[in-house]
Amino acid sequence: MPTPLMGVFDISVVKPNRPVICRLDINSPIKKREDKILILDRTRLESHKETITTLIENGNKIILLAHQGRPGDDDFTSLKFHAEMLGEILGHEVKFVDDIIGKKACEAVEKLKHGEVLLLENVRFLEFEQQEKSPEEHAKSPLVQTLGKYADFFVLDGFAVAHRSHASVVGFAPVLPSAMGLLMEKEIKSLSMARENAREYILILGGAKLPDALKYIKKFLKLERTSKILLTGLIALAFHMAKGYKIPSNTEKLILDRLGGESIIEIKKLANSEKIVLPIDYGVEINGDRINIPVDQLSTMNAPPKDIGPETIKYYLDIVGSGRVILMKGPAGVIEDEKFVWGSENLLRELFKMNNYVILLGGHLVSVLDRVGDSTKHRRYFISTGGGASVEFFIEGTLPGLEALKLSYKIFSQR
């Protein structure tokens, strides 16, 4: 059976001392403080260390492309402070220029010496970057046409963005020999193994990104190997609302603002599936204290649910059993609050105690995982840096970024 790594260049194809463009994903939780950006989680930046270090030791001139946030979002900002932190992680200077394809960027690229690293500005500052197009179409973009002439190779290491058919992800594949970075390779191998070996799997889905969660639910329901979908977080409350449960008015408004009425109608249909399971109790905050209440009492408290309760954890563990493959995406509650990280932490801890293998889809649960002792985890987990990308790979078995690498192999392997 062909594996996703067949017909793809690995990083060894990059010849020493040649200029190379490397697409990362260092999109991270940030906090703006006056004229500075505080990066709250270094996980994604640290995940690229091996690939960049390999290219440095190879004597390459390294041009890094990356993004932070989306246009219009609060975290859509410059990569200046990412360059500083990346330099700390590498123990190697990472130059930065606040330009991508203009004169300043081109001059900075031309001045690069062997073993030097340059991070260009947020690629999503380019209006065309996020357009979903084919590699051949993106190859004609100003990004590829401008930067492509300065490089001999392209490396895709940003697994977390590989599910996007964006210019900086797929556009270089037709014009430069394009290789899979070491992080990308690790992700694909690990997820492929779990995907192929598991007879069935259980998805535990939480978080607050409702449109994405709804999309994933619909796709996983179509997979025969999806045994159950256990919902937590805001998406669980959206399903409770659709089934006629009364929930606090402020929570209802939040759900409607993020989903809209048509999606609630769609959820009503999905809620009839026997594969979808909902919480039976929640943790709410009353006068600064946590109180656990049954779901049918939510409307009487007029306090927003912030976590799943202990009865839900028992209920879910009974469904899961032991020795299963668990896909877990998004926290079960407001994990930034010590009182409401409890559900996510205890659910994860008990899953390990029952000898389950847990794949964390995305980095939001890493801080929770760190609270669970190593003696409990027994290394029975894998952390994927890409939430959406890992979900898409599990469902489809491939990604636009991976397909672009295969295209590049077909073009350049015979040359």
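If we keep just the residues of segment 340-399 that are among the β-branched types (Val, Ile, Thr) and either more than 23 Å from Lys209 (Cβ to Cβ) or outside any helix (DSSP H, G or I) (or both), which is nearest to the chain's Cα centre (by Cα)? Step through it out loud before you land on a result.
The initial filter retains those residues of segment 340-399 that are among the β-branched types (Val, Ile, Thr), namely 341, 358-359, 366, 368, 372, 376, 383, 385, 391, 395, 398.
Imposing the further condition that a residue be either more than 23 Å from Lys209 (Cβ to Cβ) or outside any helix (DSSP H, G or I) (or both) reduces the set to 341, 358-359, 372, 376, 383, 385, 398.
Values: Val341: 20, Val358: 16, Ile359: 12, Val372: 21, Thr376: 25, Ile383: 10, Thr385: 5, Thr398: 15 Å.
The selected residue is Thr385.
Can you find a residue in segment 110-125 that is over 19 Å from Ile359 (Cα atoms), free of Cβ contacts under 8 Å to residues at least 12 places away in the same chain and not in a strand (DSSP E or B)?
To start, the set of residues in segment 110-125 that are over 19 Å from Ile359 (Cα atoms) comprises 110-125.
Of the ones still in play, those that are also free of Cβ contacts under 8 Å to residues at least 12 places away in the same chain are 111.
Going one step further and asking which of them are not in a strand (DSSP E or B), we end up with 111.
Scanning segment 110-125, I find at least one residue that is over 19 Å from Ile359 (Cα atoms), free of Cβ contacts under 8 Å to residues at least 12 places away in the same chain and not in a strand (DSSP E or B), so the answer is yes.
Which of the residues that make up segment 93-142 are touching an Asp or Glu at 6+ places or on another chain (Cβ under 9 Å), more than 20 Å from His48 (Cα to Cα) and of a type in the set (Gly, Ala, Ser)?
Result: Ala105, Ala108, Ser141.
Taking the options Ile286, Ile395, Ile383, Ile308, name whichever one is in contact with a Ser or Thr (Cβ under 7 Å, 6 or more places away or on another chain) and either assigned by TED's automatic domain parsing to the domain that holds Ser168 or among the β-branched types (Val, Ile, Thr) (or both).
Values: Ile286 fails: in contact with a Ser or Thr (Cβ under 7 Å, 6 or more places away or on another chain); Ile395 fails: in contact with a Ser or Thr (Cβ under 7 Å, 6 or more places away or on another chain); Ile383 fails: in contact with a Ser or Thr (Cβ under 7 Å, 6 or more places away or on another chain).
Selected residue: Ile308, the only one of Ile286, Ile395, Ile383, Ile308 that is in contact with a Ser or Thr (Cβ under 7 Å, 6 or more places away or on another chain) and either assigned by TED's automatic domain parsing to the domain that holds Ser168 or among the β-branched types (Val, Ile, Thr) (or both).
β-branched (Val, Ile, Thr) and over 14 Å from the mean Cα position of the chain (by Cα): is that true of Thr54 in this structure?
Working: β-branched (Val, Ile, Thr): yes; over 14 Å from the mean Cα position of the chain (by Cα): yes.
Yes.
Out of (1) in contact with a Leu (Cβ under 6 Å, 6 or more places away or on another chain); (2) on the phi > 0 side of the Ramachandran plot, the odd one out for Gly387 is which?
Among (1) in contact with a Leu (Cβ under 6 Å, 6 or more places away or on another chain); (2) on the phi > 0 side of the Ramachandran plot, the lone unmet condition for Gly387 is (2).
Scan (1) over 11 Å from the mean Cα position of the chain (by Cα); (2) part of a strand (DSSP E or B) for the single condition Ala404 breaks and write down its number.
Going through the list (1) over 11 Å from the mean Cα position of the chain (by Cα); (2) part of a strand (DSSP E or B), Ala404 breaks only (2).
Can you tell me how many residues in segment 217-265 are touching a helix residue (DSSP H, G or I) at 6+ places or on another chain (Cβ under 7 Å), more than 29 Å from Glu200 (Cβ to Cβ) and polar (S, T, N, Q)?
Final tally of qualifying residues: 1.
Taking segment 274-315 as the region of interest, how many residues are of a type in the set (S, T, N, Q) and surrounded by 19 or more Cβ atoms within 10 Å (Cβ to Cβ)?
First, the residues of segment 274-315 that are of a type in the set (S, T, N, Q): 287, 292, 297, 299-300, 302, 312.
Next, only the ones that are surrounded by 19 or more Cβ atoms within 10 Å (Cβ to Cβ) stay: 312.
The qualifying residues number 1.
Filter segment 206-226 for residues that are out of contact with any Ser or Thr (no Cβ under 7 Å at 6 or more places or on another chain) and over 14 Å from Phe394 (Cα atoms) and give the result. Can you show your working first?
As a first pass, look at segment 206-226 and keep what is out of contact with any Ser or Thr (no Cβ under 7 Å at 6 or more places or on another chain): 207-213, 215-219, 222-226.
Within segment 206-226, Gly207, Ala208, Lys209, Leu210, Pro211, Asp212, Ala213 qualify.
Could you tell me whether Arg44 is surrounded by 15 or more Cβ atoms within 10 Å (Cβ to Cβ), in contact (Cβ under 8 Å) with a residue 40 or more places away in the chain and touching a Ser or Thr at 6+ places or on another chain (Cβ under 7 Å)? It would help to see each step written out before you state the result.
Working: surrounded by 15 or more Cβ atoms within 10 Å (Cβ to Cβ): yes; in contact (Cβ under 8 Å) with a residue 40 or more places away in the chain: yes; touching a Ser or Thr at 6+ places or on another chain (Cβ under 7 Å): yes.
Against the criterion (surrounded by 15 or more Cβ atoms within 10 Å (Cβ to Cβ), in contact (Cβ under 8 Å) with a residue 40 or more places away in the chain and touching a Ser or Thr at 6+ places or on another chain (Cβ under 7 Å)), Arg44 qualifies.
Return yes or no: is Glu116 more than 30 Å from Glu403 (Cβ to Cβ), assigned by TED's automatic domain parsing to the domain that holds Leu402 and crowded, with 16+ Cβ neighbours inside 10 Å? Lay out the reasoning, then the answer.
Details: more than 30 Å from Glu403 (Cβ to Cβ): yes; assigned by TED's automatic domain parsing to the domain that holds Leu402: yes; crowded, with 16+ Cβ neighbours inside 10 Å: yes.
The answer is yes for Glu116.
Name the residues in segment 69-92 that are in contact (Cβ under 8 Å) with a residue 12 or more places away in the chain and exposed (fewer than 14 other Cβ atoms within 10 Å of the Cβ), would you?
If the condition is that a residue be in contact (Cβ under 8 Å) with a residue 12 or more places away in the chain and exposed (fewer than 14 other Cβ atoms within 10 Å of the Cβ), then Arg70, Pro71, Asp74 are the ones that fit.
Starting from segment 334-357, keep only residues that are closer than 16 Å to Ile204 by Cβ, then list their pairs with residues that are in a helix (DSSP H, G or I) and of a type in the set (D, E, K, R) whose Cβ atoms are within a distance under 8 Å, requiring at least 6 positions of separation or different chains.
Going by the 8 Å Cβ cut-off, the qualifying pairs are Phe352/Lys377.
I want to confirm something. Restricting to segment 273-332 and keeping residues that are among the small types (Gly, Ala, Ser) and not in a loop (DSSP other than H, G, I, E, B), which single residue is nearest to the chain's Cα centre (by Cα)?
So in segment 273-332, the residues among the small types (Gly, Ala, Ser) come out as 273, 283, 288, 299, 303, 309, 321-323, 330, 332.
Filter once more, so that each one left must be not in a loop (DSSP other than H, G, I, E, B): 283, 299.
Values: Gly283: 27, Ser299: 34 Å.
Filtering first and then ranking leaves Gly283.
The values are calculated or read from the model by the stated rules, or taken from the named source; none is laboratory data. Nothing here was measured: the structure is a model prediction, and the numbers come from that model. Cβ sites come from the backbone with ideal geometry, for glycine too, and all protein chains shown count toward neighbours.
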